[in-house]
Amino acid sequence: MQALKISELAKTFPLAKPLFGKAPPGVRAVRPMSFAVEKGETLGIVGESGCGKSTLARMLVGLLEPTKGQIEIAGKALDTADPAAFGRLIQYVFQDPISSLNPRKTIRQIMEVPLKRLHGLDKPARDKRTREIFASVNLREEFLDRYPHEFSGGQAQRIGIARALAASPEIMVLDEPVSALDVSVQAQVLNLLAELKAQFNLTYLFISHDLAVVEAVSDRVVVLYFGSVVEIGRAEDIFKSPKHPYTKLLAESAPVVGRALTAPEQKDSELPDPLNPPPGCAFAGRCVHATELCRTEEPRLRPMGEDQLAACHHPLEG
Ligand SMILES: Nc1ncnc2c1ncn2[C@@H]1O[C@H](COP(=O)(O)OP(=O)(O)OP(=O)(O)O)[C@@H](O)[C@H]1O
């Protein structure tokens with residue numbers, strides 16, 4: 001069963017109109033993209049800074065209205081102009097746990113908001129549910145009457161996760177959930193997320209620039225480049241047998257213990273200018289395999305092997 005399906009979802013940020021002349025076309029942060037996530041699956045989302053990960057995530061949780069496209073959760077299309085429709089179905093866990101929590105509210109008050117607003121629970125029911133969720137993220141009950149700044153990064157991220165769980169969502173979008181944490185704490189939070197997924201029957205979208213973490217936690221992975229999906233497939237295939245030269249570049253650029261860093265094959269290290277996008281494949285300027293076709297015609301996502309799709313005119317072998 002599909003937990004989430006997006007169809008032709010896109011976001012363009014308009015730019016200010018100059019005093020004279022035509023308005024510029026705007027920044028196409030997410031170009032029309034479509035994919036689905038199965039219930040219980042963890043879908044990793046990777047790509048370098050500026051590729052549209054956060055814009056996509058914010059649209060998925062109703063924080064940002066798409067320019068076009070559709071979002072379906074558990075088979076139902078959501079009204080993307082109505083953020084309230086999202087809360088009970090999909091929740092966001094932010095990268096920076098402390099600044100995502102209201103500093104003037106106690107943790108109990110923070111936890112109560114979704115329980116009251118989304119589920120209409122009365123005070124005793126809210127207290128009971130808050131205690132249950134707190135226990136499931138391994139936090140002590142006495143923490144409930146403290147303020148966000150009193151917690152370490154790892155504890156604050158558990159609170160951020162608890163707040164998201166309080167909405168009883170089907171899906172959680174985890175946006176770099178461990179990158180702000182000490183390495184020693186990262187594994188604890190990742191283990192907790194795995195336990196919660198099983199306990200609450202959740203589906204995860206896991207955004208990270210840390211490919212080792214994405215490979216470890218994801219069933220399938222989406223690779224974004226310049227606002228588009230350039231490759232999607234099972235995590236092991238994406239990392240061991242990438243079809244798109246950009247996926248290979250990402251994998252080769254990631255430091256792995258015990259492996260010497262190779263100089264990745266590429267011509268340039270710059271992303272194209274979003275205000276002046278190239279006509280063909282957006283990666284052509286950096287790709288050593290690029291031909292005239294790549295510079296003139298945008299490649300479409302197409303099947304390449306079992307459960308793997310890539311948008312490339314000259315996919316890699318093997
Ligand atoms: N509010 C905005 N107005 C105009 N352009 C924006 C806005 N937000 C994002 N962008 C642009 O959209 C593109 C995608 O940005 P986005 O933040 O989604 O990327 P990202 O992959 O999440 O990057 P990072 O990992 O650095 O957060 C970038 O070119 C960015 O400059």
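The values are calculated or read from the model by the stated rules, or taken from the named source; none is laboratory data. Just so it is clear, the structure is predicted and the values come from calculations on it, not from any experiment. Note that we place each Cβ from the backbone using ideal geometry, even for glycine, and neighbour counts take in every protein chain shown.
Those strands (runs of 3 or more DSSP E) of segment 1-118 in which 2 or more residues are touching a helix residue (DSSP H, G or I) at 6+ places or on another chain (Cβ under 7 Å) occupy 2-13, 27-38, 42-46, 90-93. Checked against the criterion of being under 15 Å from L205 (Cβ atoms) and away from the ligand (no atom under 16 Å from the Cβ), the candidates K53, K76, K5 yield just one match: K5. Looking at F94, is it within 16 Å of the ligand (Cβ to nearest atom) and either out of contact with any Phe, Trp or Tyr (no Cβ under 9 Å at 6 or more places or on another chain) or over 30 Å from V223 (Cα atoms) (or both)? Yes.
Listed here are the residues, each with its yes/no results for (1) among the polar types (S, T, N, Q); (2) crowded, with 17+ Cβ neighbours inside 10 Å; (3) in contact with a Ser or Thr (Cβ under 8 Å, 6 or more places away or on another chain).
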position	(1), (2), (3)
Q70	yes, no, yes
A74	no, no, no
L78	no, yes, no
F86	no, yes, no
L101	no, yes, no
I110	no, yes, no
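For segment 181-194, a residue qualifies if it is in contact (Cβ under 8 Å) with a residue 12 or more places away in the chain and over 17 Å from F151 (Cα atoms), and the qualifying residues are L190, L192, L193, A194. Filtering E252, E306 for residues that are touching a Ser or Thr at 6+ places or on another chain (Cβ under 6 Å), of a type outside the set (S, T, Y) and either modelled with pLDDT under 95 or within 24 Å of A57 (Cβ to Cβ) (or both) leaves a single hit, E252. Could you please find all residues in segment 173-208 being among the acidic types (D, E), within 16 Å of the ligand (Cβ to nearest atom) and surrounded by fewer than 21 Cβ atoms within 10 Å (Cβ to Cβ)? Across segment 173-208, the qualifying residue is only E176. When restricted to residues that are surrounded by fewer than 17 Cβ atoms within 10 Å (Cβ to Cβ) and without any contact (Cβ under 8 Å) to a residue 12 or more places away in the chain, segment 272-305 contains 6.
Considering only residues in segment 209-236 that are in a loop (DSSP other than H, G, I, E, B) and surrounded by fewer than 20 Cβ atoms within 10 Å (Cβ to Cβ), the one that is farthest from the ligand (Cβ to nearest atom) turns out to be D219.
Find all pairs meeting these conditions: Cβ atoms under 6 angstrom apart; at least six residues apart or on different chains; first residue within segment 42-58 and aliphatic (A, V, I, L, M); second residue within 6 Å of the ligand (Cβ to nearest atom). Sorted first by the residue in segment 42-58, then by its partner, the pairs are I45/K53. Scanning segment 23-50 for residues that are of a type in the set (K, R) and within 14 Å of the ligand (Cβ to nearest atom), we see that the one that is farthest from the chain's Cα centre (by Cα) is R28.
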